[in-house]
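Just below is one structure, and these are the notes that go with it.
Since every read-out is calculated from the coordinates, none of them should be taken as a lab result. All values reported here derive from a predicted model rather than from experimental measurement. Cβ placement follows ideal geometry from the backbone for every residue including glycine, while neighbour counts extend to all protein chains displayed.
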């Protein structure tokens, strides 16, 4: 026994010396949890609200924590949250916090992040310590260039400025001039994303890319589409620990989509009319109903309105089809102003808060405008009908 003790002691001493030497060389245990070290440049916020992003296309956030920004520095640590998409919203006492929000892909380990704000209030980041976040930053920088976001932002500022000062003619000229730019931007974005989605690497960033910029915005109308989506998700099987929340969200979207495809019973919609009355979709049972999801800030939605107006005059007002436009506007005043400008004589309702989130989820809404035709039994007959196709479908009833 004594001989054994003599053998163990040197081993223990060697292990202790090795541990000490490795620590001195900077070799540490694998970090667990999020350790964000940040500094800001170009603005002076007093605090930052940290949120988890549950639906990026619709900016749906779940607040998690608030941290102080002291002399341009902030820190946030959390040992319990996994790799995920987070939002940082900066609050300032002297400057409006509009546009002072940005996304980040954060996970285990320390990330040093510099957040800069330009003259237009747009935030950009440069990080060290996380290859996933670095990939995201490079992607967003290129995405902004490809989408011609700076040009679009400039036109939108001019449009809203003209509208605020009551110069309707100038606002309309800007609106017309911007249409080709929006079209070109959308085409460039689609081409860029198609190339990026060919990336064969299977990590959290590529899962984020597929979920946020493909699956989350995909139009799923028929059950057959779900097979290929589930097969694609299977390619990330080995990364479920990192991308678990995104993977669960993706699989949930497939499950929900199966309930809102053509042939499924349409979920209830409850909204408020401009006069304050409540309208329920179920109250229209027995009639064909065209439900149009839109928002006042959606340029594509408003471009579709002349055709929707013509369809209403022919098949709604005179043909017996009920038309209901469902606004996803968060701003009640903006919605009412759009109704006044666009002259929409059919039923209009607005949904917000939990009702909006539930409806977006239950109807598997990945983008607007979205028109859904519901038959007299309350079942979804067609999804995603637009343009000339809408007229053809209504003519065939």
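Relative to the longest principal axis of the Cα atoms of the chain, helix 168-196 runs at roughly 50 degrees. Mean sequence separation of contacting Cα pairs (under 8 Å, at least six apart), scaled by the length of the chain, corresponds to a relative contact order of 12 percent. Entry note, the chain: the mean residue ellipticity at 222 nm calculated from DSSP H runs of n ≥ 4, each adding -39500 (n - 2.57), is -13500 deg cm²/dmol after division by the residues and rounding to the nearest 500. Peptide packing: for 218-227, 349-358, the average count of neighbouring Cβ atoms within 10 Å per residue gives the ranking 349-358, 218-227, highest mean first. Based on the alpha-carbon gyration tensor of region 270-395 and its eigenvalue square roots a ≥ b ≥ c, which shape applies: rounded if a/c is under 1.5, prolate if not and a/b is larger than b/c, or oblate? Here region 270-395 falls in the rounded category.
Of the labelled figures (i) 125; (ii) 198; (iii) 181, only one reflects volume of the Cα convex hull per residue in Å³ as derived from the coordinates, namely (ii).
Ranked by the mean number of other Cβ atoms within 10 Å per residue, highest first, peptides 274-285, 129-140 order as 129-140, 274-285.
For the chain, the longest principal axis of the C-alpha atoms and the axis of helix 244-259 are separated by about 20°. When peptides 59-70, 104-115 are sorted by average Cβ neighbour count within 10 Å, with the highest value leading, the order is 104-115, 59-70.
Relative to the dominant Cα principal axis of the chain, helix 131-146 is inclined by about 30°.
If both residues of a DSSP beta bridge must be in the chain, then about 70% of such bridges are antiparallel. Counting neighbouring Cβ atoms within 10 Å and putting the fewest first, the residues 294, 346 line up as 346, 294.
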